[in-house]
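The values are calculated or read from the model by the stated rules, or taken from the named source; none is laboratory data. As the structure is a prediction and not an experimental result, all values here were calculated from the model. Here the Cβ is made from the backbone with ideal geometry for all residues, glycine too, and neighbour counts use every protein chain on show.
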Amino acid sequence: MSSFKVEILSFNSINELPDSWSKSDYLALLSSMDYANPEEIKDAELKEMALMSITDFEPVESAKIVLDYLINERLTEGQIENLSHEIITEKLWEEYPELSLHPDLFRATQLLYQAYNGKFPRTEAVQFQIKITGDVAIFEENPEAPIVRLLAAGMSDHSLIHRLYTDQIEGENFEDAKNILWQLKTIANDDTSVTYDIVSSSYWLDEIKYADTYEAESHADAPVEEEN
């Protein structure tokens with residue numbers, strides 16, 4: 001267990017994940033909707049054309065097209081069919097039990113919300129920068145677990161992370177930490193401090209905006225023993 005100084009340098013609520021849809025994504029999505037020669041569309045017009053093409057379909061059908069593109073190899077056809085109905089009213093990026101799918105469920109809802117001008121749930125995420133000072137060597141490998149433990153220390157005992165993950169916060173392994181932090185980028189680092197840019201769901205980390213600067217303890221996950 002090591003002690004750290006934690007500073008929340010900036011905090012923003014966002015409705016789109018940074019770099020969540022690329023040119024290649026839009027081209028692939030247009031192709032999946034049988035759009036003729038999408039590669040001939042100017043880059044600046046790709047997103048708008050993709051949104052327009054989505055609305056050529058009924059919302060449930062559009063949802064299935066987008067979900068098929070994003071997660072078809074990770075769920076069965078029947079599961080995606082169910083999600084294409086649920087996504088119209090449910091915040092699946094918060095509620096679906098498989099946490100590893102949350103970022104892509106957010107991406108799907110984000111695009112569908114824009115295409116249908118609000119018919120789908122409004123997506124909400126957070127982006128913030130955090131500076132951690134102390135024995136930063138514990139962040140060199142698998143940094144997500146010790147980072148989430150520090151973030152949890154800056155939030156109240158009533159926060160969702162404390163209510164669901166007390167055992168993992170205090171224990172040797174916190175496997176879901178990687179799914180709680182959707183994007184993690186190192187902005188700056190030296191021997192005694194490291195600064196990260198973090199993107200996550202407001203569902204998990206909105207409360208950290210109240211934390212400012214605080215002292216907390218954290219630890220890295222225990223090494224996983226390989227089976228012979």
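Here the helices (runs of 4 or more DSSP H) wholly within the stretch 20-127 that include at least 1 residues being of a type in the set (A, V, I, L, M), within 20 Å of Asn179 (Cβ to Cβ) and modelled with pLDDT of 95 or more are 59-71, 77-86, 92-95, 102-115.
Ala137 falls short on exactly one of the conditions (1) buried (at least 20 other Cβ atoms within 10 Å of the Cβ); (2) more than 30 Å from Val60 (Cβ to Cβ); (3) of a type outside the set (Asp, Glu), and that condition is (1).
Let's see how each residue does on (1) loosely packed, with under 13 Cβ neighbours inside 10 Å; (2) under 30 Å from Ile138 (Cβ atoms); (3) not polar (S, T, N, Q):
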{"position": "Glu7", "(1), (2), (3)": "no, yes, yes"}
{"position": "Ser13", "(1), (2), (3)": "yes, yes, no"}
{"position": "Asp19", "(1), (2), (3)": "yes, yes, yes"}
{"position": "Asp25", "(1), (2), (3)": "no, no, yes"}
{"position": "Ala28", "(1), (2), (3)": "no, no, yes"}
{"position": "Glu39", "(1), (2), (3)": "yes, no, yes"}
{"position": "Ser53", "(1), (2), (3)": "no, no, no"}
{"position": "His85", "(1), (2), (3)": "no, no, yes"}
{"position": "Glu94", "(1), (2), (3)": "no, yes, yes"}
